[in-house]
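One structure is given below, encoded as structure tokens.
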Amino acid sequence: MYAPRPDHRRDSYATTDFESVYLKPKQTTGAEFYDRSDLSRRVGLVGVGVASLFGWLCIIEGFMIFLSKNTISSGVVVITLGNGWEKELLCLGLNLMVTACTEATGFVHGIALRSALASERRLRFNTNLRLLSAASGWFSPNGTLCNVVMAILLIVSYSSSLLVIVMVDTESSSGVANAGLAVCVSEVPLIVLGVTLQLQAIIALASVRSANILTWSSSAFDITAALVHHAQILPEPGRSMRGVGDDVRWGPVSPSAKQPSAWRAHPSVRKVVMTLLGLVVICIAWGIIIMHLSDRSMSNAVRTWSFLPRPQSHFIAYSIPLAGGVYWYWVLYYINMAGIQGPLTLALHCSELVVNVVRDERVWRKATTTKGTTISPHPLATVFGSPLNVALLVLKPLLHWMLGLAISLAGTAENGYLTAIAVSMWPFQILNYAAALLIPSLAFTVIVLCRPGGPQPAAYGHVQTLANLIDEWSTTMWWGHKNGGFPYHHAGELVCPPLPLVSLTGWMVGTSDCRLAGVDMDGLYA
């Protein structure tokens with residue numbers, strides 16, 4: 001006889017990413033077998049503290065430039081750099097710092113949002129689109145309004161890092177020593193950068209305070225174990241061989257040699273990859289248009305190709321006169337830069353979903369290897385142990401820096417005052433940026449289209465699926481065939497060491513703290 005099923009409707013995995021899972025009122029049951037990851041909490045909060053400190057340094061330095069007597073038009077101060085590459089190295093270093101600060105605040109904010117969604121019975125996957133999903137309550141720190149503000153602050157942070165450094169022609173400026181093309185640091189973007197980092201840190205800490213965080217671990221195992229331990233999610237009988245995306249409610253099934261790809265199993269993965277590819281196409285079109293406008297002869301333009309902009313490089317520019325004061329015109333510069341920077345910032349943010357979903361699945365699939373899978377890896381190993389995570393961390397500041405090569409600001413000073421600032425677009429730097437963005441876009445496409453091999457059901461960090469597939473929790477787990485039950489079996493009984501396959505009407509699969517036998521590809525499992 002089949003085990004009786006509760007009379008409730010199963011999740012639809014093909015719709016939205018955040019629908020209700022099977023939850024019950026909170027109550028603690030059994031031993032606590034998940035890691036609260038206090039180390040992750042300490043690392044995250046220290047990271048937020050560093051981001052806040054760097055924000056204060058930017059604000060203080062900005063006001064020092066404002067009060068300095070060596071500024072041009074009380075807006076920018078000249079710094080002495082011997083070579084052009086030193087200026088680009090300074091821009092790249094600033095992008096690295098912005099990336100480190102926003103990643104720290106983003107980690108804390110993401111953990112709080114995941115916990116808030118779990119408390120509201122809306123968490124389906126371990127990894128969520130942090131800025132595009134929200135908890136209930138419009139004004140909640142994890143709500144829609146704060147998420148919109150966080151998205152704007154993130155865009156403004158990266159835009160500020162590109163606007164801090166300005167090239168200024170001081171040939172006609174009598175008050176500046178060594179007049180010529182000078183590298184300058186501007187006060188307004190520096191202060192804005194500091195303020196945006198401070199606000200992100202404040203929102204992240206407020207979201208932590210408002211959420212009931214069961215675990216700070218990024219592991220899909222820990223959040224699933226925490227929800228099971230507190231009876232917030234219940235394993236479903238009859239689904240020990242059914243992965244995420246399997247819409248059949250329950251019952252015995254034969255193992256499959258191939259599992260669904262991330263493209264099929266996770267709806268948001270498709271949207272992210274298509275967005276990245278669309279952004280590449282837009283950038284290529286943008287570069288070709290600018291190249292055509294800068295020189296009608298494409299062959300002449302091609303001869304001036306270079307990685308870094310050069311005086312002989314083709315470009316187009318438009319000037320914004322500063323009559324009436326400098327500061328109000330920074331709003332126009334930010335609108336220009338944020339309009340171009342925003343899509344890249346949000347696309348790279350969404351790419352975290354692809355990277356983390358693939359990481360969660362690879363960790364789960366280690367349960368069939370000789371060494372098994374670890375339920376609570378070291379917090380730093382979670383990030384730096386994944387090649388995709390490391391690649392994305394490197395790509396974020398690099399792509400933002402390359403975008404700064406494609407569109408830049410250059411000012412003109414006369415008699416110690418800025419008279420105009422030109423916005424320049426460099427076609428080959430735009431195409432270089434498009435090529436750099438194309439590489440991870442194609443890599444993500446290939447990875448998410450690949451179907452994992454083997455009979456182990458795919459989960460991709462889906463908490464309900466992991467709760468169904470894992471019947472015994474231990475520090476190191478293995479997945480495989482178990483003997484027991486009749487005529488169809490569900491997870492729950494341990495046989496260790498592994499026994500030979502037996503001829504029963506049905507078998508069961510599950511996890512154990514020791515290695516299990518392989519499944520029978522012709523058998524029925526429930």
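The values are calculated or read from the model by the stated rules, or taken from the named source; none is laboratory data. Because the structure is predicted, anything quoted here is derived from the model rather than measured. When we count neighbours, we look across all protein chains shown, and the Cβ atoms used for this are built from the backbone with ideal geometry, even at glycine. All accessible areas refer to the heavy atoms of the entire protein, side chains included, with ligands and DNA or RNA removed. Shrake-Rupley method; radii C 1.70, N 1.55, O 1.52, S 1.80 Å.
Restricting attention to region 247-258, which residues are in contact (Cβ under 8 Å) with a residue 12 or more places away in the chain and either open to solvent by 40 Å² or more (accessible area, probe 1.4 Å) or under 23 Å from SER441 (Cα atoms) (or both)?
Hits for region 247-258 are ASP247, ARG249, TRP250, SER254, SER256, ALA257, LYS258.
Are any of the residues in region 414-425 at positive phi and out of contact with any Lys or Arg (no Cβ under 8 Å at 6 or more places or on another chain)?
Yes, region 414-425 contains a residue that is at positive phi and out of contact with any Lys or Arg (no Cβ under 8 Å at 6 or more places or on another chain).
Only residues in region 384-399 that are more than 15 Å from TYR433 (Cα to Cα) count as the first member; pair them with residues that are polar (S, T, N, Q) and part of a helix (DSSP H, G or I), Cβ under 8 angstrom, at least 6 apart or cross-chain, and list the lot.
What qualifies is ASN389/ASN356; ASN389/THR382; LEU392/SER351; LEU393/THR99.
Yes or no: LEU227 open to solvent by less than 20 Å² (accessible area, probe 1.4 Å) and either under 19 Å from ASN126 (Cβ atoms) or of a type in the set (Lys, Arg) (or both)?
For LEU227, the condition - open to solvent by less than 20 Å² (accessible area, probe 1.4 Å) and either under 19 Å from ASN126 (Cβ atoms) or of a type in the set (Lys, Arg) (or both) - is met.
Among the residues of region 88-123, which ones are part of a loop (DSSP other than H, G, I, E, B) and either modelled with pLDDT of 90 or more or on the phi > 0 side of the Ramachandran plot (or both)?
ARG121, LEU123
Tally time: how many residues in region 136-164 are hydrophobic (A, V, I, L, M, F, W, C) and either more than 18 Å from ILE202 (Cα to Cα) or open to solvent by less than 10 Å² (accessible area, probe 1.4 Å) (or both)?
Count: 4.
Output the number of the condition that TYR158 fails; it satisfies all remaining conditions of (1) within 30 Å of SER424 (Cα to Cα); (2) in contact with a helix residue (DSSP H, G or I) (Cβ under 8 Å, 6 or more places away or on another chain); (3) at pLDDT below 90.
Answer for TYR158: the failing condition is (3).
Considering only residues of region 24-57 that are in a loop (DSSP other than H, G, I, E, B) and small (Gly, Ala, Ser), which is modelled with the lowest pLDDT?
Selected residue: GLY30.
Which of the residues belonging to region 38-69 are open to solvent by 80 Å² or more (accessible area, probe 1.4 Å) and among the aromatic types (Phe, Trp, Tyr)?
Once the filter is applied, which keeps residues that are open to solvent by 80 Å² or more (accessible area, probe 1.4 Å) and among the aromatic types (Phe, Trp, Tyr), region 38-69 yields TRP56, PHE63, PHE66.
Show the residue pairs meeting these rules: Cβ distance below 7 Å; 6+ apart or different chains; first residue within region 37-52 and under 25 Å from GLY194 (Cβ atoms); second residue at pLDDT below 90 and of a type outside the set (Lys, Arg).
From region 37-52, the pairs are VAL43/PRO379.
Please work out which residue is nearest to LEU353 (Cα to Cα), limiting yourself to region 395-435 and to residues that are at pLDDT 90 or above and open to solvent by 20 Å² or more (accessible area, probe 1.4 Å).
Taking the candidates together, the pick is LEU395.
Give, as residue ranges, the helices (runs of 4 or more DSSP H) completely inside region 257-318 that count at least 3 residues that are within 26 Å of VAL354 (Cα to Cα).
Output list reads 262-265, 267-294.
Among the residues of region 339-394, count how many are more than 17 Å from LEU276 (Cα to Cα), in a helix (DSSP H, G or I) and open to solvent by less than 10 Å² (accessible area, probe 1.4 Å).
Within region 339-394, residues that are more than 17 Å from LEU276 (Cα to Cα), in a helix (DSSP H, G or I) and open to solvent by less than 10 Å² (accessible area, probe 1.4 Å) number 3.
Is there any pair linking a residue in region 185-203 that is without any contact (Cβ under 8 Å) to a residue 24 or more places away in the chain to one that is open to solvent by 10 Å² or more (accessible area, probe 1.4 Å) and among the hydroxyl-bearing types (Ser, Thr, Tyr), with Cβ under 9 Å and at least six apart or on different chains, and which?
ILE202/SER52
Considering only region 478-487, I want to know if a residue exists there that is modelled with pLDDT of 85 or more, more than 30 Å from SER37 (Cβ to Cβ) and more than 34 Å from the chain's Cα centre (by Cα).
yes
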